[in-house]
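Computed from the coordinates by the stated procedures, all read-outs in this text should not be read as laboratory data. These figures come from a predicted structure and were not determined experimentally. For neighbour counting, all protein chains shown are included, and Cβ atoms are generated from backbone atoms with ideal geometry for every residue, glycine included.
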Amino acid sequence: MFHLSRLPRKLAASLALACIATLAQANDVIRIGWLSSLTGPLSSAAQAENQGVQLAVAEINAAGGINGRKLELLTRDTAGDPTKAVNLAQQLAFSEKVHFIIGPVNSGEGLGATPVIARAGVPNLVIGALEELTDPVKYPRAFRLINTNRQWISTANNYALKTLKRSRIALIGDTTGYGTASAKTATEMLEAAGVKPVYTVLVDPNKTDLTDELAKARAAGADVIMPWSAATGLVGRLLNARGDMGWNVPVVGHTALMAPQIRKLLNKPEYWENVVAAGYASTTFGADGKLPPATAALMEKVRSRIAPGGGEIELLFWWVAMGYDCVKVIEHAVKAAGGTDPAAIQKALENTRELRGVFANYSWSPTDRNGFPDGDMVPNIANTLRDGAFKLAR
Amino acid sequence: MLSALVAGLATGAVFAATALAYNVMFSTSKVLSVTTGHLPMLGGVAGAYVIAGLGLPWWLGLLAAMGTGALFGLLTELVAIRRVLARSDEHLWLLSTLALATMVQQAVGLWWGTEPRPFPRLIPQDFSAGLADQKFWLPIALAVAMAGGLELFYSRTMAGKLFVAMSEDAFAARARGIPTDRIRVASYALAGALGGLAGFAAGQLTFAYFALGLTLTLNGFIALAVGGLGSNVGALIGGFALGLLNALASYWFGGEYQQTIAVGLLMVVLLVKPEGLLGSKQVRPV
């Protein structure tokens, strides 16, 4: 029989439990694993992304966290090594029991690490461009923020075919997994557009001279050179060979073409003329010479960290913006899901439409894990880097 | 086609110089150090840093390249070779030199950066020189000079003859009063200086790049095995052959077949002539 005199005691106990639960959740930090190749080959992108990730975490924590829960960032340096990336992904997912994993940075690392993260059921923000890194069936909790490789290639193809109105294309890929896959995809996409490349070759990324490849491309009648390689050394040698040959053929391709390091590798600064790379609307100056407001605002927030003395930003700012957005997407997902339950996070991200970020505006769906819209990609003039951004190639 | 041949010869010269450095160290220790390819890497980075970074004259860059190489050679002998050889006959040096090679590569990557950096022009010359460009002929000339110099060193100098004596029979050499430990230390310093010099001469071809070491370690070893372990002329021939084969394979079939053909060459030579083209057969009387 229910006893009225016990009610206040029961109520008090329930209230106390509720308070404890609320307090526990407030103290329960949101643990974010960050697989970043801070050292090793291709570390430039990771170091820039890291600036954005750290800034966003600091901002959110300073504002009281997400729903009262502070963020804890667990950064692991993969050194660009796929084996390390897999081991560290396992450690973060199974030992550290993180709620989210950002990365790995490079697609080659992601090919090994993404299935491991998927097996652990941890929501994963993918920042590698290879198509294979997302799949709503195999990796249901992997959501991509960066563009896909096809979007890069499509931007370059469109510029060559529609803007330059040239169709005699020479494709030069490197022999890494990325270069080989990209050259194949680029060939398929060009052929789908009715264009057969006049010359295709794969070269070792450490090849010391590309004069022969360019001579063959010229003999084949190429009027555009399209390199698909992330190796700045190879890209620098390609531009040097073109310049030394005195052949002013347009070069259109991968973002590595506009990496700041290229400038130092060139025999002459003018060898960087007539080079266009697939870039981003968020880091492209408009006709008024200004950047989009969100980009400009983030730049001013982070400038003192990445440009000593508050001077000009010399790294590619889109990496910073994407790192920043990764954490902001986590904030959005936790708020929308009402917590960090992986299934609820998956549902929240699947239902995300036009989430405004700095790097891009993201949309995912139950059948599409690629959040970056085509419209946020633009061709950039490679040698126009100023303050982390570029001019539009018209 | 001609440019493929010249570029192949130049790249092969770097492999040959690495193989020569292998030989110098092998002669006194019977060790094939994994750090060998890192000697040219260090030479290239040190030279670029002194000339382009500090703005000092090229000859100081050259001294820095050779000095850095020699110091790293000494460090290799001290840390990865001496104690391992003293305690074990097993091939544990493979692990110790691999560990040291990995450490130095990571250290250089952290300090110098992980992207390739340019190596300064050493001799005033326009970039339109084509096949006469110094980036091709400097490493070729250096590799030939290194092989010739080492031959003279071994045949005409007392120190060189001590190297040869140790190479043929270290125990007999020690029994004859030769300070074998000191000779081994000297050989590592000499190999280091030569490796650093090779990296300096090839810097314009390879750029100053932290990850160059393991590539050169592998290709230098293939050049050495093809030419014949212990033979300087063999190392030169092996290096040039490998460079040319790489270039021609890439020219005719594409870069994806380059490494396969290079390693294929190694296997063919080892099957047909295990001692290499100019290596001597190890005959053990029983």
Ranked packing of B:222-234, A:376-388, A:284-296, most packed first, by mean Cβ within 10 Å: B:222-234, A:376-388, A:284-296
Mean Cβ count within 10 Å, highest first, over the residues of peptides A:46-57, A:179-190, B:76-87, B:146-157: A:46-57, A:179-190, B:76-87, B:146-157
Alpha-carbon centroid distance for the pair segment A:193-234 / segment A:246-314, whole angstrom: 23
Proximal lysines to B:Lys30, defined as alpha-carbon separation beneath 29 angstrom and excluding residues fewer than eight positions away on the same chain: B:Lys161, B:Lys273, B:Lys281
All-pairs Cα distance distribution in chain A, expressed in whole percent, bin size 20 Å: 27, 53, 16, 4, 1
Descending Cα extents along the principal axes, segment A:110-249, whole Å: 54, 33, 18
Shape parameters for segment A:243-324, alpha-carbon atoms, Rg then Dmax in Å: 14.9, 44
Rg(Cα)/(2.2 N^0.38 Å) for segment A:50-118, N = residue count: 1.20
Peptide-level mean, for A:239-250, of C-beta atoms on other protein chains within 10 Å: 1
Cα-based shape type of segment B:129-286, given that a ≥ b ≥ c are square roots of the gyration tensor eigenvalues and the cut on a/c is 1.5: oblate
Value in Å of the Kirkwood radius, where the protein assembly as shown supplies the Cα pairs that are averaged: 27.4
Volume in Å³ per residue [convex hull over Cα atoms, computed for segment B:78-141]: 159
Per-peptide average of other Cβ atoms within 10 Å, ordering A:248-255, B:21-28 highest first: B:21-28, A:248-255
Equivalent-ellipsoid semi-axes of segment B:38-80, from the Cα gyration tensor, Å, largest first: 22, 9, 7
For chain B, alpha-carbon Rg relative to the globular expectation (2.2 N^0.38 Å, N residues): 0.98
Taking all pairs of distinct alpha-carbon atoms in segment B:190-242, Kirkwood radius in angstrom: 11.7
Cα Rg, Dmax, segment B:4-159, angstrom units: 17.1, 56
Principal axis dimensions, segment A:285-385 - Cα atoms, whole angstrom, descending: 44, 29, 19
Along principal axes, Cα extents of segment A:229-291, largest first, whole Å: 36, 21, 18
Environment charge at B:Pro179 (Cβ cut-off 15 Å; Lys +1, Arg +1, Asp -1, Glu -1): +4
Shielding score for B:105-114, defined as the mean number of other chain Cβ atoms within 10 Å: 3
Positive minus negative residues near A:Arg305 (Lys, Arg vs Asp, Glu; Cβ under 15 Å): -4
Across A:Lys162/A:Lys216; A:Lys138/A:Lys335; A:Lys165/A:Lys216; A:Lys138/A:Lys196; A:Lys70/A:Lys391, pairs whose alpha-carbon gap is larger than 28 Å: A:Lys138/A:Lys196; A:Lys70/A:Lys391
Additional length obtainable on full extension of the chain from B:Val164 to B:Arg176, 0.36 nm per residue less Cα span: 3.0 nm
Total formal charge among the other residues, if their Cβ is under 10 angstrom from that of A:Arg144, Lys/Arg +1 and Asp/Glu -1: -1
Cα centre as origin, Lys/Arg/Asp/Glu Cβ charges: segment A:178-252 dipole, Debye: 20
Unit charges at the beta carbon, dipole of segment A:84-147: most positive-side option, A:Pro136, A:Ile146, A:Val98: A:Val98
Per-residue average of Cβ from other chains inside 10 Å of B:257-267: 1
